[in-house]
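Q: Right, I'll just put the structure down here and ask away after.
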Amino acid sequence: MKILVINCGSSSLKYQLFDMDQEKCLARGGVERVGSPDAFMTHRSTGNDKVKRDVDAPDHERGLKYVFDALVDPNIGVINSLSDISAIGHRVVHGGERFAGSVLIDEEVMRALHECQDLAPLHNPPNIMGIEACRRLMPDLPMVGVFDTAFHQTMPKEAYLYGLPYDMYVNHGVRRYGFHGTSHRYVSRRAAMLMKRPPEEICLVTCHLGNGSSIAAVKRGKSVDTSMGFTPLEGLVMGTRSGDLDPAIVSFLCEELDKSASEVVLGYLNKNSGVLGLSGGLSNDFRDLERAAEEGHQLARLALDVFAYRVVKYIGAYAAAMGALDGIVFTAGVGENSSTMRKRICERLQIFGVGLDNEKNSVRGLEQIISTPESRVTVMAIPTNEEIMIARDTAEIVSSMGA
Ligand code: AMP
């Protein structure tokens, strides 16, 4: 069975085609700068070099056409006909309270997705555009929606409610939803396998540390708390996002800077804060910051310290919330690659009996245990793979349709 995974952003789309019999990725790529005159596509298929070409993609639908053409192209393609594809799995950022798992997309689901748009005005509209474009191009193909929020729908009320009037939750949907759920789900399953323990027996803290970062408390296989909240702005200090702060800062900044609340939230808290802002505008890329810190750049060092400190605080809080801590997982760009950031964090976790094996911790982008055999908590670096989770969910739903 062949499954195509699509992830549509506001000006880009990414895809991977999987052969699910061996869970092998046959081709991957994307279209970038959708809607601009310099749109281009990349495509890499097994055994072939990466192809990059300019395309005329004024919208996602035209961009997707190039993807379908590339997949069946006699030279760079990997299938003979589009009818070889059994289904498409779509990444959807926000499923609200409506979706606690992946679903087959039908008219009712499309209506519900449109209703969720208000909750994720930046992310859901391009996801929906991608689904609608695929449905127009391939009307007979089953499509499945896989939600970033779904894994966190198991959080108890005490974890997802804010200290606001209850009516804000009931009538306006203001609550913690959490994001990166597909990644936290994937790495928590892999962690259980690495630890050779059933997921139902262990308490994990999974740290998805990338440009956007979040942490989840995964107790007996279920998410019971997570650091991102109503939007992906809450929680950790991120590449350009502030993470947690006193909400009164927003109105203070509105007055100080003579800006509207949405200008402050989008322009400052989302785009110019985080390690970029803390480092005096140096960079949101952790590689640049680590290099600069080593060369003595004080603000780069400070930004990395603030980032690590916030991670440590969340790990401590989640260990207490779960009443146990068996494993810590590091994933995503920083978590998978930065041995210095993992060390910076783990050095402050000695209270939990965490012992890092410096040699194993020097790995980059590999799945392995990086703690010492004596460590009371198993620390792991696990490259995330949200696409394979989307493909698996899609294959499972499509197979059950035929059953
Ligand atoms: P992601 O959002 O998961 O793609 O992660 C992107 C971030 O990972 C980039 O901003 C980089 O700062 C970070 N990153 C990637 N490779 C490394 C590395 N070798 N060391 C430190 N940070 C890295």
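The values are calculated or read from the model by the stated rules, or taken from the named source; none is laboratory data. Everything quoted here is computed from the prediction, not taken from an experiment. Every residue, glycine among them, receives a Cβ derived from its backbone with ideal geometry; neighbour counts consider all protein chains shown. Note: accessible area is taken over every heavy atom of the protein model, side chains too, but ligands, DNA and RNA are not part of it. Shrake-Rupley method; radii C 1.70, N 1.55, O 1.52, S 1.80 Å.
Q: In the range 342-352, how many are open to solvent by 50 Å² or more (accessible area, probe 1.4 Å), touching a Phe, Trp or Tyr at 6+ places or on another chain (Cβ under 9 Å) and more than 12 Å from the ligand (Cβ to nearest atom)?
A: Going through the range 342-352 one residue at a time, the tally reaches 1.
Q: Looking at A57, A87, which is the one that is within 17 Å of S12 (Cβ to Cβ), among the aliphatic types (A, V, I, L, M) and either out of contact with any His (no Cβ under 7 Å at 6 or more places or on another chain) or assigned to a loop (DSSP other than H, G, I, E, B) (or both)?
A: A57
Q: Which condition breaks for V174 when tested against (1) of a type outside the set (G, A, S); (2) surrounded by 14 or more Cβ atoms within 10 Å (Cβ to Cβ); (3) touching a residue at least 40 places away in the same chain (Cβ under 8 Å); (4) within 22 Å of E108 (Cα to Cα)?
A: Tallying (1) of a type outside the set (G, A, S); (2) surrounded by 14 or more Cβ atoms within 10 Å (Cβ to Cβ); (3) touching a residue at least 40 places away in the same chain (Cβ under 8 Å); (4) within 22 Å of E108 (Cα to Cα), V174 fails exactly one: (4).
Q: Next question, about the same structure. Give the residues of the range 318-341 that are more than 16 Å from the ligand (Cβ to nearest atom) and open to solvent by 50 Å² or more (accessible area, probe 1.4 Å), sorted by residue number.
A: Across the range 318-341, the qualifying residues are A320, A321, G323.
Q: Okay, moving on. Check the range 86-97 and report whether any residue there is of a type in the set (S, T, N, Q), at pLDDT 95 or above and more than 30 Å from G173 (Cβ to Cβ).
A: Checked the range 86-97: at least one residue is of a type in the set (S, T, N, Q), at pLDDT 95 or above and more than 30 Å from G173 (Cβ to Cβ).
Q: Continuing with the same structure: Consider L282 against the criteria (1) without any contact (Cβ under 8 Å) to a residue 24 or more places away in the chain; (2) of a type in the set (A, V, I, L, M, F, W, C); (3) away from the ligand (no atom under 15 Å from the Cβ): it satisfies all of them except one. Which criterion is unmet?
A: (3)
Q: Checking the conditions here, which among L141, L164, L122 is more than 26 Å from R376 (Cβ to Cβ), aliphatic (A, V, I, L, M), outside any helix (DSSP H, G or I) and at pLDDT below 95?
A: The conditions single out L122.
Q: Okay, next question. Please go through the range 1-34 and give me each residue that is more than 19 Å from D69 (Cβ to Cβ) and assigned to a loop (DSSP other than H, G, I, E, B), ordered by number.
A: Answer for the range 1-34, where residues must be more than 19 Å from D69 (Cβ to Cβ) and assigned to a loop (DSSP other than H, G, I, E, B): M1, G9, S10, S11, M20, D21, Q22, E23.
Q: Restrict the check to the range 372-387 and report whether at least one residue is open to solvent by 10 Å² or more (accessible area, probe 1.4 Å), touching a residue at least 12 places away in the same chain (Cβ under 8 Å) and either over 23 Å from K196 (Cα atoms) or in a helix (DSSP H, G or I) (or both).
A: yes
Q: Looking at A248, A293, can you tell me which residue is within 16 Å of the ligand (Cβ to nearest atom), small (G, A, S) and more than 22 Å from the chain's Cα centre (by Cα)?
A: On inspection, the qualifying residue turns out to be A293.
Q: I need the full set of residues from the range 87-103 which are out of contact with any strand residue (DSSP E or B) (no Cβ under 6 Å at 6 or more places or on another chain) and open to solvent by 40 Å² or more (accessible area, probe 1.4 Å), in order please.
A: Across the range 87-103, the qualifying residues are E97, R98, A100.
Q: Does the range 224-236 hold any residues that are away from the ligand (no atom under 16 Å from the Cβ), open to solvent by 10 Å² or more (accessible area, probe 1.4 Å) and out of contact with any Asp or Glu (no Cβ under 8 Å at 6 or more places or on another chain), and which are they?
A: Result: V224, D225, F230, T231.
Yes or no, residue by residue, for (1) touching a helix residue (DSSP H, G or I) at 6+ places or on another chain (Cβ under 7 Å); (2) open to solvent by 40 Å² or more (accessible area, probe 1.4 Å); (3) within 16 Å of the ligand (Cβ to nearest atom):
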site	(1), (2), (3)
T206	yes, no, yes
K219	yes, yes, no
K222	yes, yes, no
M238	yes, no, yes
F252	no, yes, no
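Q: Within the range 305-315, is even one residue within 16 Å of the ligand (Cβ to nearest atom), open to solvent by 40 Å² or more (accessible area, probe 1.4 Å) and either among the hydrophobic types (A, V, I, L, M, F, W, C) or closer than 30 Å to R28 by Cα (or both)?
A: yes
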